[in-house]
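These notes are about the structure you will find just below.
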Amino acid sequence: SFETLYDPFMMEGMKTAVKHIEKVIAEKKNILVYGDYDVDGTTAVSLVVSYLKSSYEQVAFYIPDRYKEGYGISYQGIDFAADNDIDLIIALDCGIKAVKQVEYAKEKQIDFIICDHHRPGDILPDAIAVLDPKRTDCSYPYKELCGCGIGFKLIQALSIEKGESFDDLIQYLDLVAIAIAADIVPVTGENRTLAHFGLQRINSSPRPGIQALIGQLDKESLSITDVVFGIAPKINAAGRIEQGSLAVELLTETD
């Protein structure tokens, strides 16, 4: 039941993150959504970009090149942001240890909001907000969300502030279920609820990009195992063979 989902504002830094995003939008500044090239990262970026773009145009995304830039937040990505007059980078599924990179961005007048699910180091990056249930000072009850799951909690918090209905967010759960399956996080607690309803969405009315991937599988309906072995590797392949940004283009396509 959706009633078992926790209030996103229980997550340390969430209120600050939401207020800052609202301020950036009110001031008509540019936002860059940055994420890792794997399934969790590309679905998380697709989710946050889709949600923000539904009401605000000045949103771009960036997926680092696996071979040229490697994992996490790259200096090249920050330079791209600076060249494109970006004021805020929202990092998903990475960034919890990017202390030097966030400092570098600050020198270029670029703020960071970090949404990560990996274990933090001794020092947190000096970002506007760091959303990570694995922070020792975070009392959020469920610690096993994937990166896309934390992206979902962020858009849930933004939608609560806007007075929107939770029903408006169900359309994003196909992405969350794919990330939960692909990232092999425990399918317990909040993950179980999100995966359950996300799988329903995949089987009833998935977004066009996911529909295209399902069309290649000879299946009446997909189980979580089908998602792990039939959908996730294809999304992963984009970053391995060419560019992870192709996966985001596929998953955010509306036609």
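The values are calculated or read from the model by the stated rules, or taken from the named source; none is laboratory data. What you are looking at is a predicted structure, and each value in this text was computed from that prediction instead of being measured. Neighbour counts are summed over all protein chains in view; Cβ atoms, including those assigned to glycine, are modelled from backbone coordinates with ideal geometry. Keep in mind that these areas ignore ligands, DNA and RNA; they rest on the heavy atoms of the full protein, side chains included. Shrake-Rupley method; radii C 1.70, N 1.55, O 1.52, S 1.80 Å.
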Checked the stretch 53-80 for anything of a type in the set (Phe, Trp, Tyr), surrounded by fewer than 19 Cβ atoms within 10 Å (Cβ to Cβ) and closer than 20 Å to Gly149 by Cβ; matches are Tyr71
Condition (residue is in a helix (DSSP H, G or I) and either open to solvent by less than 10 Å² (accessible area, probe 1.4 Å) or more than 20 Å from Thr4 (Cα to Cα) (or both)) applied to the stretch 134-148: is it met by at least one residue?
yes
Which members of the stretch 215-255 meet the condition of being in a helix (DSSP H, G or I), open to solvent by 20 Å² or more (accessible area, probe 1.4 Å) and either touching a Lys or Arg at 6+ places or on another chain (Cβ under 7 Å) or β-branched (Val, Ile, Thr) (or both)?
Ile224, Thr225, Asp226, Val228, Arg240, Ile241, Thr252
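Quick check on the stretch 167-186. Is at least one of its residues touching a strand residue (DSSP E or B) at 6+ places or on another chain (Cβ under 8 Å), open to solvent by less than 30 Å² (accessible area, probe 1.4 Å) and either at pLDDT below 95 or in a loop (DSSP other than H, G, I, E, B) (or both)?
no
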Check whether at least one residue in the stretch 94-109 is surrounded by 22 or more Cβ atoms within 10 Å (Cβ to Cβ), within 21 Å of Val187 (Cβ to Cβ) and either β-branched (Val, Ile, Thr) or at pLDDT 95 or above (or both), and report yes or no.
no
Unmet criterion (only one of (1) crowded, with 24+ Cβ neighbours inside 10 Å; (2) of a type outside the set (Asp, Glu); (3) more than 10 Å from Gly95 (Cβ to Cβ)) for Ile113
(3)
Applying the selection to the stretch 81-93, what residues are surrounded by fewer than 24 Cβ atoms within 10 Å (Cβ to Cβ), touching a residue at least 40 places away in the same chain (Cβ under 8 Å) and not in a loop (DSSP other than H, G, I, E, B)?
Ala81, Leu88
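Looking at His196, His118 in this structure, which one is open to solvent by 60 Å² or more (accessible area, probe 1.4 Å), over 18 Å from Ser54 (Cβ atoms) and in contact with a Gly (Cβ under 9 Å, 6 or more places away or on another chain)?
His118
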Test Leu194 against the criterion of being under 15 Å from the mean Cα position of the chain (by Cα) and within 15 Å of Asp93 (Cβ to Cβ), and give yes or no.
no
Within the stretch 23-44, is even one residue open to solvent by less than 10 Å² (accessible area, probe 1.4 Å), under 15 Å from the mean Cα position of the chain (by Cα), within 26 Å of Leu213 (Cα to Cα) and of a type in the set (S, T, N, Q)?
yes
